[in-house]
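The values are calculated or read from the model by the stated rules, or taken from the named source; none is laboratory data. Note that the structure is predicted; figures quoted are calculated from it, not measured. Note that we place each Cβ from the backbone using ideal geometry, even for glycine, and neighbour counts take in every protein chain shown. We work out accessible area using only protein heavy atoms, side chains counted, and drop any ligands, DNA or RNA first. Shrake-Rupley method; radii C 1.70, N 1.55, O 1.52, S 1.80 Å.
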Amino acid sequence: MMTIQLTRKQMTRLLYSLKGVSTHLPIDIVKQALGTTMINEMEIPSFLSKSNKRRNSNQEYGLSTNEIVALANLCELTSLKSTSIQNWIKRDVKELIGTPELGKKYSIDQAAMLLIVKDLKTVFEFEKIRKLLIVVFNTLSDRSDDLISPITFYEIYADVIDSIETLPSLSLNDQKLEIRIVDIINAMSKRFSELSEQEWLKIRNVLVVTVLSVLASHFQTRAQVYLNTHFDELNITSIENLRK
C-alpha cells in the first residue's frame, strides 16, 4: 500500500470537515486530493470512513490519540508515533493541549495544536515552543482567549507554504525569504479585521517562525533523501571518494 501525503492546505480542508464546518465529507476530501485513480492504492484510516456515518453535517468529530496519529501521518513531513503523542499530551505539551474536550476524545482544534507543535519541533525544543505559542493562544489550555483558533493559525501558514511555489535565489545571510513570507502573511490581514494591529503583529511573527520551521523540515528531508540515494547505508568508500 502507498502512503497518503496530503499538503498542509489539503489537511486544513480535512480538519474543517472533521470539525463539522464543511459541506464535504472527510473521505471525499481525501479522494479529491488524491484522485480516483490513486485512492484504491492508498491505506485510508478507518476513522475517516466511520466519521461519515457517525456525524451530522454540523457535528464535530472527536479524535482519540491513535486517530490523531493516523491523521497527522496523512500529511507530508508530519510523521508521528503513538508513543510520542502520549508523551506530549501527558508531559511535554500538557498545558498546550489540555484534557479531552469532547468526552474522552480530543477536539479538532486540539488536534490542530498538535500538528502545529510537530511543525515547530523540527527546529525548537518544547520549552521554546510553549513560550512561542503563548503569544498567540494566551492561556494555552483555554481556547476562549485565543487571538485566533489553532485550526485558523494552521490554515494561514498552510496557505503561505502553498504560495511559496519556488524559493528565490538566496544567500545564507540575507532576509529575502523572510520578507517574502511576511508580505504573503500581511496580505491576509484583512480577513482578521477584528484584531488590533498589535494582536496581528504578534500572530504574524509567530506565523513567520512556523513557516520557516516547516521549510527547514523540507530541507532536512531533502538532505536525508540525497544521503540515502548517494551514500547507501553510509558506504565508507563513497564518502572517501567524495573527500578526494
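Some points to look at:
- Computed accessible area, residue 159, all protein chains, 1.4 angstrom probe, square angstrom: 30 Å²
- Between residue 104 and residue 228, the FRET efficiency estimated from the beta carbon spacing at R0 = 45 angstrom works out to 0.65.
- Amide H contacts of residue 6 (H built 1.01 Å from N, under 5 Å, at least 5 apart or other chain): 75, 76
- Amide H partners (placed H, <5 Å) of residue 80, local residues excluded: 73
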